[in-house]
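**Q** A single structure is presented below for examination.
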Amino acid sequence: MLVKVYGSAVFGVEATTITVEVNVASGIGYHLVGLPDNAVKESSYRIAAALQNNKFKLPGKKIIVNMAPADLRKEGSAYDLTFALGILAASSQIKADNISEYLIMGELSLDGSLQPIRGALPIAIQAKKEGFKGFILPEQNAREAAIVSGLEVYGVNNITQVINFFNEGKELERTEINTREIFFESLNDFEFDFADVKGQESIKRCMEIAAAGGHNIILIGPPGAGKTMLAKRLPSILPPMTLQEALETTKIHSVAGRIKDNIGLMAQRPFRSPHHTISDVALVGGGAYPQPGEISLSHNGVLFLDELPEFKRGVLEVMRQPLEDREVTISRAKFTVTYPSSFMLVASMNPSPSGYFNDPGAPVTSSPMEMQRYLSKISGPLLDRIDIHIEVTPVPFEKLSEERRGESSVIIRERVTQARERQHERFRELQNIHYNAQMGPRQIREFCKLDENSKHLLKSAMEKLNLSARAYDRILKVSRSIADLDGSESIKGDHLSEAIQYRSLDREGWLA
């Protein structure tokens, strides 16, 4: 008897429906075809044990399981439940007349319980698009899939529940969530707040400008100055995610299997802080079976690289193209996948190997040669892609001991959101540009016009600091963000002079 059951495969951040054809005939043997990987091939052992422990059996006949389309590689253990239901139906151990109306996925344990799968959200989106009535999957992934409205989502704990649903008509508990309610409930739920920061007013101002325009930023300062503490608070002043951004972000984390149990929609902007020993593949994504890397997991959020010169130079260089294109394409001989990677880069570094540059009272100093070797780990082209460079100085005791709390993230976020709304209005007719950091040369010419005095000021700065053409663009973009925070339609001289200050690493004495 031939039975068709439906599963799904995830490539990049999109899903493709897989038709699992199970044929049980006279003979002996278990044959799985359709380009399965080792995890898929091993499913027969898990299925046999799970069925036996739930008073069913793997029939002693010739079983052929075909995964169509047969030329598409299938990977992972999420097809166990699909195969098991197909085998039971094809061997007439259960009745399953309406099994083709449902998409079924789940990894089986030997006792028949279900383990979570990856990519539940993109699979659910595709299932709804193709007109499936429902989606049966492990309970741990149910809230994630239930984000998709118009699709019946059933979270189950073991194979017996699914068998009883098809064989005896026993109802499964449907998982339903109010996506908008969950989204708006957790928008302002922050662990870190700028109100906790003592002093550092100039750095907070810098962070506000970076958040307003979506600019990349690098913090330079000695150990203990507060670089990491400030970076961790940046997501709290970024504008709230839109529902569309939240869905995009959740989809990427779903594919990577990074969504915690019983969490549906990700309403907070991600903050990723990889260790400096990370490989280039782990950072940008890839591998034999491509997975999103850290730059994609920080999509719509912040990627924080602490102690930037400690990262391997090759790892940093692979970020140059994604920083410009805001997506990363991974190509292999037989397929190509593209992951979005629109993130804010926040980097920090000590000014020298010892950490104390130009500090006469420092316990350790570095020679000029050591300084140059240390700073040369960061290439000029990468620094050019960072719009704002700011020096962080240690906070004096008087500031640390103050009882007065600083300005809260909520107040700063309101100003940032207003600035972003001005940018949204400015770029409303441009499809791929939403904030100032995304502007190209054409938009810079149109929206960053300078008067004669400002042009003269910028010319002097360019000549004195020996800035590149890309740095010139960065200064204009940052100036535009400062003007937006100020509510100004045009860029004024004070906006421009403040933006020029934020190019510390271009100044003589830093990089040769």
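**Q** When Lys and Arg each count +1 and Asp and Glu each count -1, what net charge do the other residues less than 9 Å away from Asp196, Cβ to Cβ, add up to? List each step's numbers first, then the result.
**A** Working: positive: Lys198, Arg233, Arg405; negative: Asp193.
Value of the local net charge: +2.
**Q** Only sites in a loop by DSSP and with at most 10 other Cβ atoms within 10 Å count here; which GluC sites (Glu not before Pro) in segment 169-259 make the cut? Walk me through the numbers before you get to the answer.
**A** Working: sites: Glu171, Glu173, Glu176, Glu181, Glu185, Glu191, Glu201, Glu208, Glu245, Glu248; in loops: Glu171, Glu173, Glu176, Glu191.
Those satisfying the criteria are Glu171, Glu191.
**Q** Now, a different point. Out of all DSSP beta bridges with both ends in the chain, state the antiparallel percent to the nearest 5. Walk me through the intermediate numbers first.
**A** Values: 28 of 58 bridges.
Among the beta bridges of the chain, antiparallel pairing accounts for roughly 50 percent.
**Q** Say each of Ser488 and Leu172 gets a label point 7 Å from the Cα, pointing the same way as Cα to Cβ; how far apart are those two points in nm?
**A** Rounded to a tenth, the inter-label distance reads 6.0 nm.
**Q** Trypsin sites (Lys or Arg not before Pro) within segment 209-282: which are DSSP loop residues with at most 12 other Cβ atoms inside 10 Å?
**A** Here the sparse-neighbourhood loop sites are Lys260.
**Q** Which translational diffusion coefficient, to the nearest whole µm²/s, is obtained for segment 6-165 from the Stokes-Einstein equation, given a Kirkwood hydrodynamic radius over C-alpha pairs, 37 °C and 0.692 mPa s?
**A** Numbers: Rh = 15.5 Å.
Estimated via Stokes-Einstein, D reaches 212 µm²/s.
**Q** Accessible area per residue for segment 400-512 in Å², computed with a 1.4 Å probe and the full protein assembly in place, what is it? Write down the numbers at each step before the final one.
**A** On the way: 6670 Å² over 113 residues.
I get 59 Å² per residue for segment 400-512.
**Q** Please identify every one of the trypsin sites (Lys or Arg not before Pro) in segment 5-104 that sits in a loop by DSSP and has no more than 10 other beta carbons within 10 Å of its own beta carbon. Please list the in-between numbers first.
**A** Values: sites: Lys41, Arg46, Lys55, Lys57, Lys61, Lys62, Arg73, Lys74, Lys95; in loops: Lys55, Lys57, Lys61, Arg73, Lys95.
Here the sparse-neighbourhood loop sites are Lys55.
**Q** In addition: Taking 0.36 nm per intervening residue step and subtracting the Cα-Cα distance, what contour gain separates Lys57 from Glu324 on full extension? Please report the intermediate quantities before stating the final value.
**A** Numbers: separation 267, 0.36 × 267 = 96.12 nm, distance 5.56 nm.
The span from Lys57 to Glu324 would gain 90.6 nm if fully extended.
**Q** Note the full-extension length gain between Met369 and Ala49 as 0.36 nm times their separation in residues minus their Cα-Cα distance, in nm to one decimal. Numbers along the way, then the final one.
**A** Values: separation 320, 0.36 × 320 = 115.20 nm, distance 6.51 nm.
So the extension gain works out to 108.7 nm.
**Q** Using only Cα atoms, what Kirkwood radius does the chain have, in angstroms?
**A** About 25.7 Å for the chain.
**Q** Turning to a different aspect of this structure: Which percent of Cα pairs goes in each bin when the distances of segment 375-512 are cut into 5 angstrom slices starting at zero?
**A** 2, 9, 16, 18, 17, 14, 12, 7, 3, 1, 0
**Q** For segment 1-115, what is the accessible area per residue in Å² when the probe is 1.4 Å?
**A** Numbers: 4910 Å² over 115 residues.
I get 43 Å² per residue for segment 1-115.
**Q** Per residue, what volume in Å³ does the Cα convex hull of segment 175-319 take up?
**A** Values: hull volume 19.0 nm³, N = 145.
Dividing the Cα hull volume of segment 175-319 by its residue count gives 131 Å³.
**Q** What whole-number value in cubic angstrom gives the convex hull volume per residue for the C-alpha atoms of segment 116-156?
**A** Working: hull volume 2.0 nm³, N = 41.
Each residue corresponds to 50 Å³ of Cα convex hull volume.
**Q** Please give the FRET efficiency for Lys41 paired with Arg258, using the beta carbon to beta carbon distance and R0 = 35 Å, rounded to the nearest 0.05.
**A** Working: r = 26 Å, r/R0 = 0.75.
Efficiency at R0 = 35 Å is approximately 0.85.
**Q** Another question, then. For the chain, give the percent of accessible area contributed by carbon and sulfur heavy atoms, probe 1.4 Å, rounded to a whole number. Don't jump to the answer; show the numbers that get you there.
**A** Values: 11270 of 23300 Å².
The computed percentage sits at 48.
**Q** As an exercise, find the ratio Rg/Rh for segment 251-310 from alpha-carbon atoms, using the Kirkwood inverse-distance average for Rh. Could you put the intermediate results ahead of the total?
**A** Working: Rg = 12.2 Å, Rh = 12.4 Å.
Using only Cα positions, Rg/Rh for segment 251-310 is 0.99.
**Q** Given the rule -39500 (n - 2.57) for each run of at least 4 DSSP H residues, summed and divided by the residues of the chain, what is its mean residue ellipticity at 222 nm, to the nearest 500 deg cm²/dmol? Please report the intermediate quantities before stating the final value.
**A** Values: 22 runs with 191 residues, N = 512.
When only DSSP H runs of four or more count, the value is -10500 deg cm²/dmol.
**Q** Which value in Å does the Kirkwood hydrodynamic radius of segment 465-507 take, with 1/r averaged over all unlike C-alpha pairs and then inverted? Numbers along the way, then the final one.
**A** On the way: mean 1/r = 0.0955 Å⁻¹.
Computed over Cα pairs of segment 465-507, the Kirkwood hydrodynamic radius comes out at 10.5 Å.
**Q** For the pairs Lys227/Lys455; Lys74/Lys170; Lys4/Lys170; Lys41/Lys334; Lys4/Lys57; Lys198/Lys227, flag any whose C-alpha to C-alpha distance is greater than 24 Å. Write down the numbers at each step before the final one.
**A** On the way: Lys227/Lys455 33 Å; Lys74/Lys170 32 Å; Lys4/Lys170 22 Å; Lys41/Lys334 21 Å; Lys4/Lys57 19 Å; Lys198/Lys227 13 Å.
Flagged as over cut-off: Lys227/Lys455; Lys74/Lys170.
The values are calculated or read from the model by the stated rules, or taken from the named source; none is laboratory data. Nothing here was measured: the structure is a model prediction, and the numbers come from that model. When we count neighbours, we look across all protein chains shown, and the Cβ atoms used for this are built from the backbone with ideal geometry, even at glycine. Side chains included, ligands, DNA and RNA excluded: accessible areas come from the protein's heavy atoms. Shrake-Rupley method; radii C 1.70, N 1.55, O 1.52, S 1.80 Å.
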